[in-house]
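The values are calculated or read from the model by the stated rules, or taken from the named source; none is laboratory data. Note that this is a predicted model, so its numbers are computed, not measured. Because the Cβ atoms are built from the backbone with ideal geometry, glycine has one as well, and the counts that use them run over all protein chains shown.
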Amino acid sequence: MTDERFEWISKRAYAIWEAAGRPWGCNQHHWEQAVREREMMERTRASADGAEVLVKLRKKAATHRPDNDTRETGEDKHPEGRHVG
């Protein structure tokens, strides 16, 4: 295990412990959770803060946004502009 990886896992396990209310005797569980999170991060190649994931999500959301803000009225429009229905 590299020093960088060990340090990340150690800090993450400590943060998990603090978030859980600093319970006694759970250090192995918190360490294992931190290891799993680190492995997931490595498999997905995400950074520690997940910044690139947020960028991808924002780009995806922007491409799915409609060009204009039209709202459906429940009525169909005739091609000549007359309301039908």
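Quick notes
- Counting the residues of the stretch 15-46 that are surrounded by 15 or more Cβ atoms within 10 Å (Cβ to Cβ) and touching a helix residue (DSSP H, G or I) at 6+ places or on another chain (Cβ under 8 Å) gives 10.
- When the stretch 57-69 is limited to residues that are outside any loop (DSSP other than H, G, I, E, B) and exposed (fewer than 11 other Cβ atoms within 10 Å of the Cβ), the one that is modelled with the lowest pLDDT turns out to be LYS60.
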